[in-house]
Amino acid sequence: MSDSKRIKLDTSVRPVIVTHSGTFHADEALAVHMLSKLPVFREYDLIRTRDPVEIAKGTIVVDVGAEYDPERHRYDHHQRGFNETFDEAHKTKLSSAGLVWKHFGKDILAAHLGMSVDDERVPLLYLKMYDDFVEAIDAIDNGMSLYPDVKGPPAYRSRTDLSSRVGFLNPRWNQTWDDADLMSRFRRASLLAGTEFFERVDDAMEAWLPARKIVDDALQQRKSFAGADPQGRILLFERAVNWKGHIYDLEEEHRIPDEEKPLYVVYPDESGKWRVQAVPVNSESFESRRALPEPWRGIRDAELSELSGIPECVFVHQSGFIGGNVTRNGALAMATRALH
């Protein structure tokens, strides 16, 4: 039984979400909004307090109470000895946002998207939204450096992340405020965090998942299209697609051996011409698995066509990570020549 269903069965009165009073942060602001997506919490009372008596009355308690007890729906992360992570593959300690997502994320996705929690797309979105959104909230709230091994001050500061934007909704130090004002500000912060989060969920559902299917199909067909490399080292798309967001996970999922992993991707650009792009060594790298040939780099048009022996070449970037041709067959020929 899922955590959200267990709450529904155990709740015979109006549900109450409890979080802490005072200055608010992105993690509990997001956690509260995410919980509101669950049917049991659509008509909920919100209490912001540090009073132990009020905390004890909560149906679910987030970011306060010094307890992590999923059986009793207590989701705090401040207490000594707390080191919970999302799973064994993640090292970031969870905040209240991560705890809510870990225990309720699949149910939240199903409720928001109007699908069964058993839908095969739910686990993909569950992990993606943690990696792309929630984990950063967890890390910032727990004071974890993005680059723990780098010494010295950063080259610049960024205060435009979600955690900073939520923080700026708190009263300024020299403002006067009361509990009603702070609750109003918290609700604005929760709406801000939740709206941005679920816009990203919708984007993942409507763009990221369809792209994943296209990349998966291309990987499985990479040895069979006309002009394909027998080892499958050229990936062909008939339309532009965000392939970098999927290729590495799908290679691992399909257990593609290194000698058969794509080195080049061929696809049409927005002008109707075609591109050949070298696959980076990983999703964050500027280094290619195999850059386009060095003699072609920085050369254009007729000179490049003559040098390569391939008609209608347009360019090759000076770093060799991408090139272009007027035609599909020309771009495929560039990729094929670059393999040898």
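The values are calculated or read from the model by the stated rules, or taken from the named source; none is laboratory data. What you see is a predicted model, and the numbers here were worked out from it, not measured in a lab. As a convention, Cβ positions derive from the backbone with ideal geometry for all residues, glycine included, and neighbour counts pool all protein chains shown. Quick note on the areas: whole protein, heavy atoms, side chains included, nothing else; ligands and nucleic acids left out. Shrake-Rupley method; radii C 1.70, N 1.55, O 1.52, S 1.80 Å.
For this structure, a couple of remarks:
- For the range 54-111, the Kirkwood radius over C-alpha pairs fed into Stokes-Einstein at 25 °C and 0.890 mPa s yields D = 206 µm² per second.
- Using the empirical formula 2.2 N^0.38 Å as the baseline, the Cα radius of gyration of the chain reaches a ratio of 1.25.
- Qualifying chymotrypsin sites (Phe, Trp or Tyr not before Pro) for the range 216-325 [loop in DSSP, other Cβ within 10 Å: at most 11]: Phe286
- Taking 18 Å as the limit for the C-alpha separation, the pairs Lys128/Lys261; Lys102/Lys128; Lys128/Lys223 exceed it in the case of Lys128/Lys261; Lys128/Lys223.
- Share of carbon and sulfur in the accessible heavy-atom surface of the chain [1.4 Å probe, %]: 50
- When the surface is traced with a 1.4 Å probe over the full set of protein chains, Leu113 keeps roughly 40 Å² accessible.
- Binned Cα-Cα distances of the range 1-158, short to long, each 5 Å bin given as a whole percent: 2, 9, 18, 21, 19, 15, 9, 4, 2, 1, 0
- Using the rule -39500 (n - 2.57) for each DSSP H run of four or more residues, divided by the residues of the chain, the 222 nm mean residue ellipticity is -11000 deg cm²/dmol.
- Lysines with Cα under 20 Å of Lys57, excluding same-chain neighbours fewer than 8 positions away: Lys5, Lys8
- Cleavage-rule hits, trypsin sites (Lys or Arg not before Pro), the range 99-172, DSSP coil, Cβ neighbours within 10 Å at most 16: Lys151, Arg157, Arg159, Arg172
- Largest to smallest principal axis extent of the C-alpha atoms in the range 1-63, angstrom: 34, 25, 19
- Highest-fluctuation residue, Val100, Val276, Val53 considered, GNM on the chain with Cα pairs under 10 Å: Val53
- Exposure rank, largest accessible area first [Val314, Val326; 1.4 Å]: Val326, Val314
- Separation in nanometres of the label points that stand 7 Å from Cα toward Cβ, at Lys151 and Gln79: 3.9
- Taking the chain and dividing mean pair separation by its residue count, relative contact order in percent (alpha carbons under 8 Å, at least six apart): 12
- The range 17-57: GluC sites (Glu not before Pro) falling in loop per DSSP and having at most 14 other Cβ within 10 Å: Glu43
- Accessible solvent surface per residue of the chain, calculated while the other protein chains remain in place, 1.4 angstrom probe, Å²: 54
- Filter on Lys37/Lys151; Lys151/Lys213; Lys93/Lys151; Lys91/Lys213 - keep pairs with C-alpha separation over 31 Å: Lys37/Lys151; Lys151/Lys213
- Span-like helix ranges in the chain, DSSP H, alpha carbon extent 27 angstrom or more, Kyte mean at least -1.0: 179-203
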